[in-house]
1. Quick one: if you stick a label point 7 Å off each Cα along the C-beta vector at Arg325 and Trp266, how many nm between them?
2. Taking each full run of DSSP H in the chain as one helix, which ones are at least 27 Å long along their axis (Cα atoms) and have mean Kyte-Doolittle hydropathy of at least -1.0?
3. Stokes-Einstein at 25 °C, 0.890 mPa s, Kirkwood radius from Cα pairs: D for segment 300-360 in µm² s⁻¹?
4. Report the Cα-based extents of segment 96-250 along its three principal axes, largest first, to the nearest Å.
5. Just add up the charged neighbours of Gly86: K/R +1, D/E -1, any other residue whose Cβ is under 15 Å from the Cβ of Gly86.
6. Would you mind putting 359-368, 132-141 in packing order, based on average other-beta-carbon counts within 10 Å, highest first?
7. Out of all DSSP beta bridges in the chain, what portion is antiparallel? Express it as a percent rounded to 5.
8. Given H placed 1.01 Å from N in the peptide plane, which residues other than close sequence neighbours of Gln117 have an amide H under 5 Å from its amide H?
Amino acid sequence: MSLQAPDVLDVLVIGAGPAGSAAARCLAQAGLSVHMVDAQPIGRDKVCGDGLIPDAHQALARLGVLDAVMAKAQRAQAVACIGPSGGRIDVPGTLAVLPRRQLDEVLLRAALAAGAQFEQARFEAPLEDAAGRVQGARLRRGDEVVEVQARWTLLATGAVPKALQAAGMCTRQTPSGVALRGYIRAPALVGRIKALEVVWNRAVRPGYGWIFPAPDGCFNIGVGVTDSHDSVDGKGRKKDANLRAIFDAFVAAYPPAQQLVKEGAWVSELKGAPLRCSLAGARHARPGLMVVGEAAGSTYSFTGEGIGKAMQTALLAADAILAHRNDDAAARAAYEAGLAALAPKYRLYERANRINAFPWLADLVIWRAKKSPRLLRRMSGVQEETSNPGNLVSLKGLTRLFLE
Ligand SMILES: Cc1cc2nc3c(=O)[nH]c(=O)nc-3n(C[C@H](O)[C@H](O)[C@H](O)COP(=O)(O)OP(=O)(O)OC[C@H]3O[C@@H](n4cnc5c(N)ncnc54)[C@H](O)[C@@H]3O)c2cc1C
């Protein structure tokens, strides 16, 4: 190997997005030898809405990089939910927007500062011992193929399933959703579009559109379509969605998007990418290996938010390894238990995604939240993750809408 790595590393991290860098920083800080690889170089871009919701702030704070991120980010005070009939409710929260090229570099450099090493290389396959336990990976570095031995391998390879398949961890090849975004510079609109605007409109059904105010007078604008958990058997409805047409429909139907496109200047092309949601579509662990972040399906359905949960799931894996250094089975069980504890949150977003099929219901929730400070506080609490999602989006929960 070109880098000074021990013969057998403690941890090999594949993928240097938020998940990989979070795990690498945490494990390196604890004194483990950590080697990170990514198919792309440091400073790569990632197609994303760039919105940092409260779970991302919490993970960034734990990693000790929140101040560095917020020094570059555009802050926001609320997520504006705009319903099919145009009703709007601003759910207050701890929010920000930072283009992924910058966010991911801050995180990766923080992992390096903690002692992790990085090289550009592509994961090809796991190395296995006679019993089938993963012992590292075969990597492609340019024309060269190298074998790297490690006690643990973390797969943090995001929503593209190729690495999952090669590791024998993929249970569903198709993504749970697809989304597309571009950047528009429109200094005149700064201060006028202040919230993270998420729009559920008939024109983009069963998906959503968004406009997020980014730093430097720019706006991240895009559309996404995620399926409900019920369709994760590979028969998902919208895998072949024409996102470009949905984007055009969003711009035509939502006046602020129209204004942004008309008055602003495009500073990037529109680019699409897959999403893997609801902790589905992959096995999460096998002896010697854990799958973290969006590779494990850590993105929320309904809104497509996943940066925070990518880091959180990676930190769960790191904590499990640190708590059970010499017990593979116990570490895997601890990680699986940590993921299971997140399940109610994912279920809430799944249910909300289903509601999206009934525009009148989305309108009703927004109408009711406008009238009920208590309901708005609950929505904000769920967003901040300070209150339990409970049955906010269920028949019982909807009935309660009229009592709150
Ligand atoms: C259009 C769009 C908008 C979104 N908007 C938001 C938003 O506003 N807020 C939010 O929170 N989330 C959003 N998301 C979701 C968010 O982008 C993901 O949840 C997040 O990137 C997951 O992080 P990760 O570290 O798991 O994976 P990634 O960030 O995808 O990182 C995976 C890394 O693995 C590397 N890799 C892959 N295969 C290999 C291999 N074989 N060998 C080596 N390296 C490999 C890749 O190069 C990449 O760097 C959006 C997604 C899309 C598509």
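A short reminder: the numbers here are calculations on the coordinates, not readings from a lab. Nothing here was measured: the structure is a model prediction, and the numbers come from that model. For neighbour counting, all protein chains shown are included, and Cβ atoms are generated from backbone atoms with ideal geometry for every residue, glycine included.
1. 5.4 nm
2. Qualifying helices: 328-355.
3. Estimated via Stokes-Einstein, D reaches 189 µm²/s.
4. Per principal axis, max minus min of the Cα coordinates gives 59, 42, 26 Å.
5. Overall, the nearby charge balance is +1.
6. Taking the mean over residues of other Cβ atoms within 10 Å, the ranking is 132-141, 359-368.
7. 70 percent
8. Excluding prolines and chain starts, which carry no amide H, the hits are Val34, His35, Met36.
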